[in-house]
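Peer 1: One structure follows; several queries about it will come next.
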Amino acid sequence: MENEKTITNEELMTAEAPVAEANVPAAEAPAAEAPASEAATAAEAPASDAETAEAPETVPAETPEAAAPAEAPAAAPAEPVETMADYEDAITASLKPIHEGDIMTGTVIGVSEDTVTLDFGSFTDGIIRLEDASDDPNFTFNDIQIGQEISATVIRRDDGEGHIRLSMKEAAAVLGWERLVQLLNDQSNIQVKVSEAVKSGVVAYVEGIRGFIPASKLALTYVENLDEYVGKELEVRVITADPEAKKLVLSARDILREKEAEERKQRVSNVEVGLVTEGKVESLMPYGAFVRLSNGLSGLVHVSQISQQRIKHPNVVLKEGQTVKVKVIAIKEGKISLSMKALEDVAAAEVEEETFELPKAEEATTSLASLFKNIKL
């Protein structure tokens with residue numbers, strides 16, 4: 001029985017042992033296992049190093065693209081740093097005092113039917129009303145473009161709406177005359193539009209200033225109806241510019257005369273001595289007759305070249321408007337000399353060359369026997 005009890009106690013002790021082990025706190029278990037993990041890691045580390053050492057290093061083959069060095073990206077341009085010096089002009093303009101009578105130049109930033117707005121780079125803008133633009137009754141703002149620079153005179157510092165009131169007319173009274181005097185000195189050509197017809201001429205405006213074109217300066221010939229020129233554009237030249245007397249006179253005839261002379265010179269160069277042509281008698285003078293040729297040129301038939309006979313005045317043989325045949329006998333300094341007499345000489349020579357003597361009547365007659373005497377049957 002004792003042996004059985006002993007065995008029983010041992011079994012009991014053996015059965016209680018797991019319970020004791022189970023009562024060990026869970027927090028202590030990792031602490032016990034940590035050395036083993038570190039040992040395992042330490043054991044694996046040499047193996048990894050060995051694998052790295054043993055494995056052959058694979059080097060990729062170089063391609064032309066890979067071998068070429070990569071281009072460095074272009075450096076972005078440095079942005080300019082603004083300083084107070086950049087705004088010095090604008091600040092100075094905004095602080096400059098404005099007085100009535102000052103002439104200011106601004107940039108057009110707005111155009112309407114009856115108003116133009118100018119920017120002066122200051123704290124306020126300028127306004128030009130249509131009635132302050134020009135004395136020309138037909139003037140409009142249609143030709144004013146955004147960005148255009150215009151000079152005008154200050155007539156009011158504040159128009160009641162915070163704008164500077166300006167006048168192009170008053171500025172033209174100063175600046176316009178200066179330009180007109182310069183045009184007179186340079187003899188430059190300008191384009192104008194005829195505004196109205198008045199007694200003995202027409203009116204056109206230049207720089208807002210009224211200019212007069214006399215009827216005698218409109219064309220190369222006499223102008224009967226001046227109204228036909230109203231609304232037309234003409235190329236003119238300043239022939240009088242007097243700011244004190246406010247007198248401006250223009251001329252289109254001088255330019256037309258120069259153009260005609262140049263065109264005539266060109267046409268004359270195409271005419272050759274010896275040419276025979278027809279023309280119309282334009283005028284008769286004691287010394288000869290002027291004949292307009294078919295090409296528009298005019299030449300002189302001297303009184304000695306009109307006829308074989310000696311005449312005192314061309315009207316003995318010719319009359320204005322008559323069509324005649326002439327020959328070019330000389331060209332000198334653009335002047336064409338013609339001759340009718342030369343053609344008469346040629347005609348006489350031709351007639352003389354064609355004349356022949358007829359046989360006498362008895363020599364011209366023949367008998368029937370003489371006609372057949374040489375005929376063999």
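The values are calculated or read from the model by the stated rules, or taken from the named source; none is laboratory data. Keep in mind that this is a model prediction, so the values were computed, not measured. Cβ: placed from backbone, ideal geometry, glycine included. Neighbour counts: every protein chain shown.
Peer 1: Of all residues in segment 226-285 being over 30 Å from HIS313 (Cα atoms) and among the hydroxyl-bearing types (Ser, Thr, Tyr), which is surrounded by the fewest Cβ atoms within 10 Å (Cβ to Cβ)?
Peer 2: Once the filter is applied, the top-ranked residue is SER269.
Peer 1: Within 16 Å of LYS335 (Cα to Cα) and touching a His at 6+ places or on another chain (Cβ under 7 Å): which single residue out of GLY296, GLY288 fits that description? Walk me through it before giving the result.
Peer 2: On the way: GLY296 fails: touching a His at 6+ places or on another chain (Cβ under 7 Å).
Matching residue, one of GLY296, GLY288: GLY288.
Peer 1: Let me confirm something: among VAL236, VAL291, VAL268, which residue is within 27 Å of GLU178 (Cα to Cα) and of a type in the set (A, V, I, L, M, F, W, C)?
Peer 2: Details: VAL291 fails: within 27 Å of GLU178 (Cα to Cα); VAL268 fails: within 27 Å of GLU178 (Cα to Cα).
Step by step, each of VAL236, VAL291, VAL268 is checked, and only VAL236 is within 27 Å of GLU178 (Cα to Cα) and of a type in the set (A, V, I, L, M, F, W, C).
Peer 1: Let me ask you something else. Return a yes/no flag: does segment 153-160 have any residue that is without any contact (Cβ under 8 Å) to a residue 12 or more places away in the chain and either acidic (Asp, Glu) or assigned by TED's automatic domain parsing to the domain that holds ILE239 (or both).
Peer 2: Checked against the condition, which is being without any contact (Cβ under 8 Å) to a residue 12 or more places away in the chain and either acidic (Asp, Glu) or assigned by TED's automatic domain parsing to the domain that holds ILE239 (or both), segment 153-160 yields at least one hit.
Peer 1: Could you check how many residues of segment 122-134 are surrounded by 14 or more Cβ atoms within 10 Å (Cβ to Cβ) and not in a strand (DSSP E or B)? Break it down into steps so the answer makes sense when it comes.
Peer 2: Of the residues in segment 122-134, the ones surrounded by 14 or more Cβ atoms within 10 Å (Cβ to Cβ) are 122, 124-130, 132-134.
Going one step further and asking which of them are not in a strand (DSSP E or B), we end up with 122, 124, 130, 132-134.
Of the residues in segment 122-134, 6 are surrounded by 14 or more Cβ atoms within 10 Å (Cβ to Cβ) and not in a strand (DSSP E or B).
Peer 1: Hey, another quick one. I'm checking my understanding of the structure. Among residues of segment 286-334 that are within 15 Å of GLU272 (Cβ to Cβ) and not aliphatic (A, V, I, L, M), which one is surrounded by the most Cβ atoms within 10 Å (Cβ to Cβ)?
Peer 2: Filtering segment 286-334 for residues within 15 Å of GLU272 (Cβ to Cβ) gives 293-295, 297, 299, 326-332, 334.
Remaining after also requiring not aliphatic (A, V, I, L, M): 294-295, 299, 327, 332, 334.
Working: SER294: 9, ASN295: 12, GLY299: 25, LYS327: 20, LYS332: 7, GLY334: 12.
The extreme case among them is GLY299.
Peer 1: Among the candidates LYS265, LYS247, LYS312, single out the residue that is within 34 Å of the chain's Cα centre (by Cα) and farther than 30 Å from LYS199 by Cβ.
Peer 2: Numbers: LYS247 fails: farther than 30 Å from LYS199 by Cβ; LYS312 fails: within 34 Å of the chain's Cα centre (by Cα).
Answer to the check: LYS265.
Peer 1: Also, I was wondering about something else. Scan the strands (runs of 3 or more DSSP E) fully inside segment 157-243 and keep the ones with 3 or more residues being over 16 Å from ALA133 (Cβ atoms).
Peer 2: Values: elements: 164-167, 189-198, 201-206, 209-214, 233-242.
It comes to 189-198, 201-206, 209-214, 233-242.
Peer 1: Is it the case that some residue within segment 159-178 is closer than 28 Å to ILE98 by Cβ, among the hydroxyl-bearing types (Ser, Thr, Tyr) and either touching a strand residue (DSSP E or B) at 6+ places or on another chain (Cβ under 8 Å) or crowded, with 21+ Cβ neighbours inside 10 Å (or both)?
Peer 2: Filtering segment 159-178 for residues closer than 28 Å to ILE98 by Cβ gives 159-178.
Cutting the leftovers down to among the hydroxyl-bearing types (Ser, Thr, Tyr) gives us 167.
Next cut, either touching a strand residue (DSSP E or B) at 6+ places or on another chain (Cβ under 8 Å) or crowded, with 21+ Cβ neighbours inside 10 Å (or both) only: 167.
Checked against the condition, which is being closer than 28 Å to ILE98 by Cβ, among the hydroxyl-bearing types (Ser, Thr, Tyr) and either touching a strand residue (DSSP E or B) at 6+ places or on another chain (Cβ under 8 Å) or crowded, with 21+ Cβ neighbours inside 10 Å (or both), segment 159-178 yields at least one hit.
Peer 1: Are any residues in segment 130-152 among the hydrophobic types (A, V, I, L, M, F, W, C) and without any contact (Cβ under 8 Å) to a residue 24 or more places away in the chain, and if so, which ones?
Peer 2: Pass one, segment 130-152, residues among the hydrophobic types (A, V, I, L, M, F, W, C): 130, 133, 139, 141, 144, 146, 150, 152.
Across segment 130-152, the qualifying residue is only LEU130.
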